[in-house]
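**Student:** Dropping a structure here in structure tokens format, bear with me for questions.
The values are calculated or read from the model by the stated rules, or taken from the named source; none is laboratory data. Keep in mind that what you see is a predicted model, and the values were worked out from it rather than measured. Here the Cβ positions follow ideal geometry from the backbone for every residue, glycine too, while neighbour counts run over all protein chains shown. Only protein heavy atoms, including side chains, enter the accessible area calculation; ligands, DNA and RNA are left aside. Shrake-Rupley method; radii C 1.70, N 1.55, O 1.52, S 1.80 Å.
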Amino acid sequence: MLTDYHVHLRPDDPGTPAQRFFTPANAERYRAVASERGIDELGVSEHVYRFRQALDVWRHPFWAGQAVDDLDAYCGFVREETDLRLGIEADFLPGREDRMANLLEAGDWDYVIGSVHFLRDQAVDTDDEWDVWRDARSAEEVWKRYFRTLGEAAASGLFDVLAHPDLVKVWGGDRPRPDGDLRRFYELAMEGIAESRIAIEVSTAGLRKPVGEIYPDRALLEWCLECGCPVVLSSDAHVPDHLGYRYGDALGLLADVGVKELCVFDRRRRRLEPVGEP
Ligand SMILES: [Zn+2]
Ligand SMILES: [Zn+2]
């Protein structure tokens, strides 16, 4: 069994309206490419902030500019007009857990993917006015904040999957990067991860980004495995051609660290299936 669960039916760019991308024909395009690549378990996980309902959770200016679609229409489309698993990529926002829980309650998800993109009102992965690195004191400080928040996200109980667990490295050498053994940062998230046993996403998206690495780093993955966390395999595709992107690399890593099973989700219940061949 191969999965791709962290999948967007459209790019993040402006000019990508739901009417054009949330269509049976577009879902079919994704299904066809996934099948070609040996991926049977395919699900979609639209960004929560593209829905109007997200403004009840947070009114960040970036969200206010993006939140135009209807969440119920998305759920109805995926359930009734496609054969894809229904997921969502929801941000972890400290202090707003109850509001996010209320929003998530409205959907009958197969899985909820939790992401840390924001540290307070700045983002770790956007190259714009909200870039956290614009006034960061040091790499040390940003990485510590990121991994503390990641641990809180795991512990929140809001999510089934912890997305791109070391996203803070996305820029590689284009932003400050701490030296030495990075486990001093990972350690800050481990209590939340260990207690929740949240499923850990192994994502090939980092291979398409400046960092050029899989998320998470092998040492972080090994730590999560020692804590008993299962693994979810995804590409974070935003176009059909990203599906299963460089899964050979990810499967090599999983074999190296002894992972033989992947998580499969159905209505927020998870089970394990043997890893398949691409
Ligand atoms: Zn993300
Ligand atoms: Zn994503």
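**Student:** Select from the range 168-204 those trypsin sites (Lys or Arg not before Pro) which occupy a DSSP coil region and have at most 14 other Cβ atoms within 10 Å, ordered by residue number.
**Tutor:** On the way: sites: K169, R183, R184, R197; in loops: R197.
Those satisfying the criteria are R197.
**Student:** If you wrap a convex hull around the Cα atoms of the range 165-278, how much volume per residue is inside, in Å³?
**Tutor:** Expressed per residue, the convex hull around the Cα atoms of the range 165-278 is 117 Å³.
**Student:** If you don't mind, there's one more thing I want to ask. Whenever you get a sec, compute what percent of the accessible area on the chain sits on carbon and sulfur atoms (1.4 Å probe). Don't jump to the answer; show the numbers that get you there.
**Tutor:** Numbers: 5190 of 11680 Å².
C and S atoms contribute 44 percent here.
**Student:** What relative contact order, as a whole-number percentage, does the chain give when Cα pairs under 8 Å and 6 or more residues apart are counted?
**Tutor:** Averaging sequence separation for qualifying contacts and normalising by length gives 22 percent for the chain.
**Student:** How big, on average over all directions, is the shadow cast by the Cα convex hull of the chain, in nm²?
**Tutor:** 13.0 nm²
**Student:** What does the charge count around A27 come to, taking other residues whose C-beta lies under 10 Å from its C-beta (Lys +1, Arg +1, Asp -1, Glu -1)?
**Tutor:** Neighbour charge sum, excluding A27 itself: -1.
**Student:** Further question: From the mean inverse distance of alpha carbon pairs (Kirkwood) and the Cα radius of gyration, derive Rg over Rh for the range 1-130.
**Tutor:** The Rg/Rh ratio comes out at 0.96.
**Student:** Cβ neighbours within 10 Å, averaged per peptide: list 160-168, 225-233 in order, most packed at the top.
**Tutor:** Result, highest mean Cβ count within 10 Å first: 160-168, 225-233.
**Student:** Also, quick follow-up: What is the gain in length, in nm to one decimal, between T126 and F21 on full extension, counting 0.36 nm per residue of separation less the C-alpha to C-alpha distance?
**Tutor:** 35.5 nm
**Student:** So between R37 and D174, what do we pick up on full extension, going 0.36 nm a residue minus the alpha carbon distance? Walk me through the numbers before you get to the answer.
**Tutor:** Numbers: separation 137, 0.36 × 137 = 49.32 nm, distance 3.21 nm.
Gain on stretching R37 to D174: 46.1 nm.
**Student:** Suppose only helical runs count, i.e. DSSP H with n ≥ 4. What mean residue ellipticity at 222 nm does that imply for the chain under -39500 (n - 2.57) per run, divided by all residues and rounded to the nearest 500 deg cm²/dmol?
**Tutor:** -10000 deg cm²/dmol
**Student:** Suppose accessible area is computed on protein heavy atoms with a 1.4 Å probe; arrange M1, M190 from highest to lowest.
**Tutor:** On the way: M1 60, M190 20 Å².
Greatest to least solvent exposure: M1, M190.
**Student:** Another question, then. Label-point separation (nm) for A101 and S138, each offset 7 Å from Cα along Cα-to-Cβ?
**Tutor:** That separation, rounded to one decimal, is 3.7 nm.
**Student:** Which cysteines in the chain lack any other cysteine whose Cβ sits under 4.7 Å from their own Cβ?
**Tutor:** C75, C227, C263
**Student:** Keeping every protein chain present and rolling a 1.4 Å probe, give me the accessible area per residue for the range 169-259 in Å².
**Tutor:** For the range 169-259, the solvent-accessible area averages 40 Å² per residue.
**Student:** For the range 148-193, rounded, prolate or oblate, judged on the Cα gyration tensor with a ≥ b ≥ c (square roots of eigenvalues), a/c < 1.5 rounded, else prolate if a/b > b/c?
**Tutor:** Oblate is the answer for the range 148-193, as a/c is 1.5 or above yet b/c matches or exceeds a/b.
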